[in-house]
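The values are calculated or read from the model by the stated rules, or taken from the named source; none is laboratory data. Computed from a prediction, not measured in an experiment: that's the story for all the values here. Cβ coordinates were reconstructed from backbone atoms using ideal geometry, including for glycine residues, and neighbour counts include every protein chain displayed. Please note that ligands, DNA and RNA were not included when accessible areas were found on the heavy atoms of the full protein model with its side chains. Shrake-Rupley method; radii C 1.70, N 1.55, O 1.52, S 1.80 Å.
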Amino acid sequence: MENLFVLAIPGLDGISQPWHWSVSGLALALIVFLLTWMGRKFGISSSFETMCTVAGAGKRISYFNTDIKDKTWLIFLVIGTIGGGFIASEFLASPEPVAISSSTIDFLGGVGLSYPDSDASGRGFIPTDLFNWNSWAGIVAVLIGGFLVGFGARYGRGCTSGHAITGLAHLQLPSLLTVIGFFIGGLITTHLVFPWLLKLLSTSTI
Amino acid sequence: MLKNISFLAVGLFFGITMTKSEAISWYRILEMFRFESFHMYGIIGVAVAASALIIWSMKRSGMKTLDGKLVAIQTLELNVKRHLLAGSIFGLGWALIGSCPGPIYVLIGNGYSILLLVLVGALAGTLAYGALGQKLPH
């Protein structure tokens, strides 16, 4: 029994460390291969549309009045994705918080956020100091952020998985333009909005 | 059912990959848009390059998918204004909440309940597009 542990622990240790970017990129490519081979297209944001249809949005809005029988696979993919997050956090958690660069940590300090303490769990995943159920300002911010992601993904017919990975892998010009758009929007939020918004959120008492 | 379980398995692998790659981290996305680390560019770059090679060889070899079809993608009609506008709207939100649709689910699995609210926002955005989006350039 003890021998088994000695064998198992180094193995788990290996995958419990954060994965190198090249390993992560190859793992994503393996997912693209598997889904393509299984006759599907890797695209997560379509699940939002499916959820609206399942909830009955098709009765009011004709856009959602579609057949969802061939979307069952996507629901299973999403359930698996949530489960994968759970498994990774329960059994494969990294021993240290995400090792972001010191200049990013300095920027965060300047807007009143300490790193990694601004994530209450200490993992360095989400700044729960800003986004939590007790902060009205944070609640408004996450609702707006989610809204923009949902709206933009449908208008553009895809998100990061559908355009930035699958679409680019198929050498699609519309996907390239959409990804350029992702960066235009992301750079605006990060460089024009965050310097004052993060300060506002981190000092907000409402 | 076996089919559905295999999609569930791919999802599990995706959730683990996104967590261990740290691509679900709001801080990693901030760092990416501030150009202060190569990490995210490395992940996306390798994923795209390797996927492109895989798709190219699947097409070239005439490999059939499990449902007996050739590998192809539904192409979108080129509309520069639409792609850039849609992408930018998405990007504004992506940087704000630090998560695109995949990570929203992965972070819920990681125990961040506030992402349920992001999901509500995303569903509202999807509904709004379905109701009003047709008025935008397509």
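Starting from the exponent 0.38 and prefactor 2.2 Å, build the expected Rg for the range B:28-138 from its residue count and divide its actual Cα Rg by it. Provide the component values of the computation, followed by the final result.
Working: Rg = 17.7 Å, N = 111, 2.2 N^0.38 = 13.2 Å.
Rounded to two decimals, the normalised Rg is 1.35.
Distance cut-off 31 Å, Cα to Cα: go down the list A:Lys59/B:Lys64; A:Lys199/B:Lys81; B:Lys59/B:Lys135; A:Lys59/B:Lys69; A:Lys199/B:Lys20 and report the pairs above it. Long pairs (Cα-Cα over 31 Å): A:Lys59/B:Lys64; A:Lys199/B:Lys81; B:Lys59/B:Lys135; A:Lys59/B:Lys69. Considering only Cα atoms, the convex hull volume of the range A:164-206 works out to 76 Å³ per residue. The Cα atoms of the range B:1-91 cover 44, 35, 25 Å along the three principal axes, with the biggest extent listed first.
In straight-distance terms, cross-link reach from A:Lys71 covers every one of the lysines whose alpha-carbon lies under 16 Å from its own, apart from those fewer than eight places away in the same chain; here that gives A:Lys41, B:Lys3.
What shape does chain A have by the C-alpha gyration tensor, where a ≥ b ≥ c are the square roots of the eigenvalues, rounded means a/c under 1.5, and otherwise prolate means a/b greater than b/c and oblate the rest?
On the way: a/c = 1.62, a/b = 1.08, b/c = 1.50.
It comes out oblate by the Cα gyration axes.
Each residue was assigned an accessible area with a 1.4 Å probe, and for A:Met38 the value is about 20 Å². All C-alpha pair distances within the protein assembly as shown, sorted into 20 Å bins from zero, spread as 31, 59, 9, 0 percent across the bins.
Averaged over the residues of peptide A:38-46, the number of Cβ atoms from other protein chains lying within 10 Å of each residue's Cβ is 5. Among the protein heavy atoms, those of A:Asp67 account for about 100 Å² of accessible surface (1.4 Å probe, every chain in place).
Would you calculate the volume per residue, in Å³, of the smallest convex hull containing every Cα atom of the range A:8-122?
Working: hull volume 21.1 nm³, N = 115.
Residue-normalised Cα hull volume stands at 183 Å³.
Mind checking B:35-43 for the average number of partner chain beta-carbons within 10 Å of each residue's beta-carbon?
So the per-residue partner count for this stretch is 5.
Remark: accessible surface ordering of A:Thr128, A:Thr66, A:Thr203, A:Thr81 (largest first) is A:Thr203, A:Thr66, A:Thr128, A:Thr81, probe radius 1.4 Å.
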